[in-house]
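Enquirer: Sharing a structure here in structure tokens format.
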Amino acid sequence: MIDNRPLSPHLSIHKKVLTAVFSITHRMTGIGLSIGSILISVWFLLISLGPEYFFYFEMISQNIIFKLVLLIWTIGIFYHLFNGCRKLYWSFGIGMDLKTVYTSGYIVIVLTVLSTLVVWLIL
């Protein structure tokens, strides 16, 4: 039996709402930070095993791909931190009007970029 009912609209036709994009990005950075935590644990393990094993980490860390992953992880740390603070305010009912939501979203982006630049260029 063929059903002639219309299908629901697909996600690709919907307008991207900034708050939804921020929420999805917050979840993605949370997953990325979890994976990065595993890599930091491996780094500590290599340190504890002695200089002959730490040599492998030094060799890997010279790779440009490793540095790119570390840069993205740094961005994820700061984005997740600042957006998490924003969500914490929301849980108390602070800043829930639409104008403040958008303003705080842009502030999160600016603080993320500035913090990442401070870590990578100054420190």
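Enquirer: Check whether at least one residue in segment 68-85 is in a helix (DSSP H, G or I) and exposed (fewer than 11 other Cβ atoms within 10 Å of the Cβ), and report yes or no. Before you say what the answer is, go through the steps one by one.
Expert: Here is the first cut: in segment 68-85, the ones in a helix (DSSP H, G or I) are 68-85.
Filter again for exposed (fewer than 11 other Cβ atoms within 10 Å of the Cβ), leaving 68.
Yes, because at least one residue in segment 68-85 is in a helix (DSSP H, G or I) and exposed (fewer than 11 other Cβ atoms within 10 Å of the Cβ).
Enquirer: Looking at (1) surrounded by 10 or more Cβ atoms within 10 Å (Cβ to Cβ); (2) more than 13 Å from the chain's Cα centre (by Cα); (3) of a type in the set (D, E, K, R), can you tell me which one residue 27 breaks?
Expert: Looking at each condition in turn, residue 27 falls short on (2).
Enquirer: Got a sec? Which of 115, 48 is touching a helix residue (DSSP H, G or I) at 6+ places or on another chain (Cβ under 7 Å) and farther than 18 Å from residue 24 by Cα? Walk me through how you get there before you give the answer.
Expert: Details: 48 fails: touching a helix residue (DSSP H, G or I) at 6+ places or on another chain (Cβ under 7 Å).
On inspection, the qualifying residue turns out to be 115.
Enquirer: So residue 19 fits all but one of (1) at pLDDT below 90; (2) in contact with a helix residue (DSSP H, G or I) (Cβ under 7 Å, 6 or more places away or on another chain); (3) polar (S, T, N, Q); (4) under 21 Å from residue 123 (Cβ atoms); what number is the exception?
Expert: (4)
Enquirer: Which ones in segment 45-58 are assigned to a helix (DSSP H, G or I) and either loosely packed, with under 10 Cβ neighbours inside 10 Å or touching a strand residue (DSSP E or B) at 6+ places or on another chain (Cβ under 6 Å) (or both)? Reasoning before the result, please.
Expert: Step one: of segment 45-58, the residues assigned to a helix (DSSP H, G or I) are 45-49, 51-58.
Passing the criteria: 48, 51, 52.
Enquirer: Could you list, in sequence order, the residues of segment 86-109 that are in a helix (DSSP H, G or I), charged (D, E, K, R) and free of Cβ contacts under 8 Å to residues at least 24 places away in the same chain?
Expert: Within segment 86-109, the subset in a helix (DSSP H, G or I) is 86-91, 98-109.
Retained after the next criterion (residues that are charged (D, E, K, R)): 86-87, 99.
The answer is 86, 99.
The values are calculated or read from the model by the stated rules, or taken from the named source; none is laboratory data. The structure presented is a predicted model; accordingly, all values stated were derived computationally and were not measured. Positions of Cβ are backbone-derived with ideal geometry, glycine not excepted, and every protein chain shown enters the neighbour counts.
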